[in-house]
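Step one of this worksheet: look at the structure below.
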Amino acid sequence: MSTLVSDIIVRVTEQMPKNKPIRGMLGAVRDTVDLVRNRGRWSFFHKIGTVTTVGSYSVGTVAITLGQTSIVGTDTGWTTYMTGRKIRIAGDPVDYTFTYLSGTSGTISPALASATVTAATYTIFSDTYSLASDVQNVIGFQDVTNRTSVAPIGPLIGTNINNWFAQTYRFANTVFQFGRDTNGCYQITFTPPTDTIAVIRYLYYRAPTVVTGPGSTLDLPSELDNVIVHGVLYRLQKNVGMDDWISEKNLFKELLDGRWNDDRAFMTTVLDMGRWDQLYPLFPMMGGPVISRWPVPTLTGA
């Protein structure tokens, strides 16, 4: 369970001398929390997200005139769900955006740039998908439906992808970053475009929340409260000129290093050795933290 900043302030105040003024408490808490976060890639900041891909559609043929946007289908069964997807017409190198009008009629954007066609094959598909809003760095992707990994083109969203994703794929060949959507979420593009419906699970490092005041919740497990308290104490002791602030700093560093070394040992095995199987029992299928409890569990069969 996470702790309120006000709880940390109370504990720190109780350990400070009564005759010493306490200034910059909130700043000391914020700086200490940032220092702990930046110690490394903690297990509790890892999360699982999912993307469900859309199957492609290419039933029937299409007709459209050069320079026009109206497209007519023969033996097609288009649906409203296809609006916003891309359409690729045989012989045309441009991917257009499709808008549904009826089962046999629609529009494309921009207007047709190549030659008029009367009975061309085509494909309506989606290749770009948005990730979770709190994604900071993506570590890797797995195709849950087909039980394979998906190869990223690295670096992906600021992260080098581990070599153990280089496998044989029955799904999309690669995935790469494609900017952000209108909500500011990272987007990814599969290439070649997916032609089946599949659940793609991705492991990512989430962005932390910001400490804004005493009512903020520390974005850290409560097992780190003691580390935070001693980190704030040493900063405040240094600010007011207490003689033993260096001892307090050393204690803070010792406590932090101990917690970090335990956590790093677990995540090193999971990530560097590709032991995703060790994560499966520890997180919900549709998201949530990878580690459901902390301190970290012991690996089996490592």
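None of the figures in this text is laboratory data; all of them are computed from the coordinates on show. Source: prediction; values computed, not measured. As a convention, Cβ positions derive from the backbone with ideal geometry for all residues, glycine included, and neighbour counts pool all protein chains shown.
Here are the numbers for the structure shown:
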item: Volume in Å³ per residue [convex hull over Cα atoms, computed for segment 1-111]; result: 220 Å³
item: Cα-Cα pairs of segment 168-243 separated by more than 22 Å (percent); result: 56 percent
item: Set of aspartates and glutamates near residue 47 by C-alpha distance (under 18 Å), chain-local residues within fewer than 8 positions excluded; result: 134, 143, 219, 263, 272, 277
item: Fewest-first ranking of 267, 242, using other Cβ atoms within 10 Å as the exposure measure; result: 242, 267
item: Cα coordinate range in segment 61-125, projected on the principal axes (Å, largest first); result: 27, 21, 17
item: Relative contact order of segment 61-125, pairs being alpha-carbon contacts under 8 Å that are 6 or more residues apart, as %; result: 44 percent
